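J.: Quick one: the structure is below, and I'll ask about it shortly.
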Amino acid sequence: MYLKNLLLNKKAAFFSLGCKVNAYETEVMRQCFMSYGAVPVDFKEIADIYVVNTCTVTNIADRKSRQMLHRAKSMNPEAVIVAVGCYVQESAEELEKDGAVNVLIGNRLKNKVADIVNEYLVSCLENPENKEKPVIVMNNDEQDYEELCTISDYKNLRVDIKIQDGCNQFCSYCIIPYARGRISSRKPESVLNEVKSLAERGFKEVVLTGIHLSSYGLEDYSVREQANLKTDDGRMPLLELIEKISEIEGIERIRTGSVEPRIITEEFVERLSKCTRFMPHFHLSLQSGSDGVLKRMNRKYDTVMYEKACDILREYYYKPSITTDIIVGFPGETKEEFEECCEFAEKIGFSAIHIFPYSVRKGTKAAGMPDQLDNNVKGERAKKLAEIEEKLRIDYENSFVDEFRNVLCEEIIEFDGKIYMTGHTEEYVKTIFEAKEASPGDIVMVRMSGKRLKNMVFAEV
Ligand code: SF4
């Protein structure tokens with residue numbers, strides 16, 4: 001703490017763009033401000049300080065980051081506007097010229113944001129001229145995992161826990177390895193302590209998140225070992241962490257964010273399937289179902305390897321949910337390659353696909369590739385894939401009709417004068433059913449139907 005605490009009783013509002021890792025870090029920042037005595041308020045309210053955790057994964061993310069900073073400025077022109085994270089890391093100069101931001105903070109400094117803002121306020125108090133010039137704080141060399149404080153007041157029953165940062169993969173379209181730096185991992189003891197503390201406070205479900213989760217625990221190993229996603233003596237640190245978490249009493253459900261298809265080997269899944277609290281839901285990042293495009297994307301697998309991973313999952317789990325991300329309109333993606341991608345998506349039978357039209361990221365290899373596609377073509381391809389996605393999702397959900405599934409009760413809602421409970425099955429199918437005696441946090445068995453309400457599947461208790 002600094003000698004003067006100028007954050008005490010200040011209203012601070014936070015906004016997170018982009019991924020779950022950003023959401024986790026925003027929550028950590030909120031708590032750091034609270035430890036100074038700042039009062040968190042909604043982003044729509046008039047605040048003294050606005051903190052925007054930015055994203056730069058696409059042009060749209062850049063634009064939204066700028067929009068939120070300007071929105072904050074227009075809410076209260078006298079407020080301190082703080083931009084943090086990936087967009088700042090990549091475009092600090094642009095933001096500095098923009099004029100809406102007072103403090104710009106790059107990545108791996110999230111646990112210092114409150115300190116930096118307090119220091120800024122102290123410096124402005126001592127010299128009001130300092131208000132005129134934005135302060136930029138970057139941490140370009142630090143590659144160690146940034147140990148963040150444990151979050152103490154989650155709002156949901158399901159909690160995302162950040163365990164890893166950075167990426168060494170350099171997919172040709174992606175800016176993240178530049179914006180977030182090399183891989184680094186949170187120490188297993190630190191993760192386990194947070195999970196134990198969550199279990200003691202009644203939380204039932206944890207989701208392990210990271211930028212390239214499959215690289216968890218591999219930063220001290222060679223490029224070859226990192227490529228195999230194992231240590232030199234064949235250990236699998238992510239799997240070991242899941243095994244330890246599954247021994248923690250009270251945690252009923254464990255999930256992970258996106259993992260690489262390469263990590264899904266027989267050895268990995270055979271051990272994972274013994275962790276009965278690990279849920280049968282796998283987000284296996286595909287990006288394209290065409291081998292030509294995958295090669296140009298510099299992805300380290302092909303469709304044969306991907307399909308094999310899905311076969312292994314289906315061998316060990318009953319109807320596992322396999323979800324994915326796909327980029328459409330990558331430079332040079334021919335009509336035939338896009339067709340191959342659609343056919344592959346249908347062959348795998350995904351239960352959900354997140355579709356992203358390709359977005360040029362300055363500084364990446366793909367930005368300089370020939371045959372950049374027109375936005376209309378990208379839009380049409382995204383629409384066609386979305387139609388396939390909807391059909392696959394409904395087919396998957398309907399495959400459970402009349403079967404019994406366990407649901408974690410999450411939220412009570414009222415619809416048409418009736419009270420309903422909503423929650424997710426182990427496969428992450430969102431369901432709705434008459435609340436009866438269930439309370440949020442209970443795990444109940446329901447019988448699935450083929451009917452839907454608001455994109456949720458109706459079930460009976
Ligand atoms: S694996 Fe590829 S897409 Fe994912 S963060 Fe790393 S470089 Fe980006």
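The values are calculated or read from the model by the stated rules, or taken from the named source; none is laboratory data. Every value quoted in this text rests on a predicted model; they were computed, and no experiment measured them. All Cβ positions, glycine included, derive from the backbone under ideal geometry; neighbour counts span all protein chains shown.
J.: Of the residues 97, 110, which single one is charged (D, E, K, R), within 29 Å of residue 363 (Cα to Cα) and crowded, with 17+ Cβ neighbours inside 10 Å?
T.: One residue alone meets the criteria, 110.
J.: Here's a follow-up. Inside region 63-94, can you point out the residues that are crowded, with 24+ Cβ neighbours inside 10 Å, hydrophobic (A, V, I, L, M, F, W, C) and within 30 Å of residue 185 (Cβ to Cβ)?
T.: Within region 63-94, 82, 83, 84, 86, 88 qualify.
J.: Shifting gears a bit: So residue 228 passes all but one of these: (1) within 22 Å of residue 308 (Cα to Cα); (2) touching a strand residue (DSSP E or B) at 6+ places or on another chain (Cβ under 7 Å). Which condition number does it fail?
T.: (2)
Yes or no, residue by residue, for (1) of a type in the set (A, V, I, L, M, F, W, C); (2) in contact with a helix residue (DSSP H, G or I) (Cβ under 6 Å, 6 or more places away or on another chain); (3) assigned to a helix (DSSP H, G or I):
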| residue | (1), (2), (3) |
| --- | --- |
| 43 | yes, no, no |
| 47 | yes, no, no |
| 50 | no, yes, no |
| 66 | no, no, yes |
| 72 | yes, no, yes |
| 94 | no, no, yes |
| 107 | no, yes, no |
| 116 | yes, no, yes |
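J.: Same structure, new question: Does residue 260 qualify as being away from the ligand (no atom under 16 Å from the Cβ) and either touching a residue at least 12 places away in the same chain (Cβ under 8 Å) or more than 22 Å from the chain's Cα centre (by Cα) (or both)?
T.: For residue 260, the condition - away from the ligand (no atom under 16 Å from the Cβ) and either touching a residue at least 12 places away in the same chain (Cβ under 8 Å) or more than 22 Å from the chain's Cα centre (by Cα) (or both) - is not met.
J.: What's the number of the condition residue 321 fails, among (1) farther than 26 Å from residue 226 by Cα; (2) over 20 Å from the mean Cα position of the chain (by Cα)?
T.: For residue 321, the exception is condition (2).
J.: Say we look at region 163-175 and pick out the residues that are polar (S, T, N, Q) and either part of a loop (DSSP other than H, G, I, E, B) or surrounded by fewer than 22 Cβ atoms within 10 Å (Cβ to Cβ) (or both); which of these is nearest to the ligand (Cβ to nearest atom)?
T.: Step by step, filter region 163-175, then rank; the result is 169.
J.: To continue, here is another question. When the residues of region 395-422 are filtered to those that are under 25 Å from the mean Cα position of the chain (by Cα) and surrounded by 17 or more Cβ atoms within 10 Å (Cβ to Cβ), which remaining residue is nearest to residue 252 (Cα to Cα)?
T.: Here the residue is 408.
J.: Consider region 420-441. How many of its residues are farther than 19 Å from residue 352 by Cβ and either at pLDDT 90 or above or in contact with a helix residue (DSSP H, G or I) (Cβ under 8 Å, 6 or more places away or on another chain) (or both)?
T.: Number satisfying all stated conditions: 4.
J.: Oh, and also: Take residue 231 and tell me if it is without any contact (Cβ under 8 Å) to a residue 24 or more places away in the chain and either more than 16 Å from the ligand (Cβ to nearest atom) or in the same structural domain as residue 23 (by TED's automatic domain parsing) (or both).
T.: Spelling it out, residue 231 is indeed without any contact (Cβ under 8 Å) to a residue 24 or more places away in the chain and either more than 16 Å from the ligand (Cβ to nearest atom) or in the same structural domain as residue 23 (by TED's automatic domain parsing) (or both).
J.: Just need a number here: residues in region 423-461 that are surrounded by 20 or more Cβ atoms within 10 Å (Cβ to Cβ) and within 24 Å of residue 251 (Cα to Cα).
T.: 10
J.: Can you work out which of the residues in region 176-225 that are assigned to a loop (DSSP other than H, G, I, E, B) and among the β-branched types (Val, Ile, Thr) is farthest from the ligand (Cβ to nearest atom)?
T.: Result: 183.
J.: Of all residues in region 414-435, which are farther than 26 Å from residue 283 by Cβ and of a type outside the set (Gly, Ala, Ser)?
T.: If the condition is that a residue be farther than 26 Å from residue 283 by Cβ and of a type outside the set (Gly, Ala, Ser), then 414, 415, 416, 418, 419, 420, 434 are the ones that fit.
J.: Considering only region 246-323, give the helices (runs of 4 or more DSSP H) lying wholly within it that have at least 1 residues that are surrounded by 17 or more Cβ atoms within 10 Å (Cβ to Cβ) and assigned by TED's automatic domain parsing to the domain that holds residue 337.
T.: 291-296, 303-316
J.: Sticking with this one: Given the conditions (1) surrounded by 13 or more Cβ atoms within 10 Å (Cβ to Cβ); (2) among the aliphatic types (A, V, I, L, M); (3) touching a strand residue (DSSP E or B) at 6+ places or on another chain (Cβ under 7 Å), report the number of the one that residue 392 does not fulfil.
T.: Single failed check for residue 392: (3).
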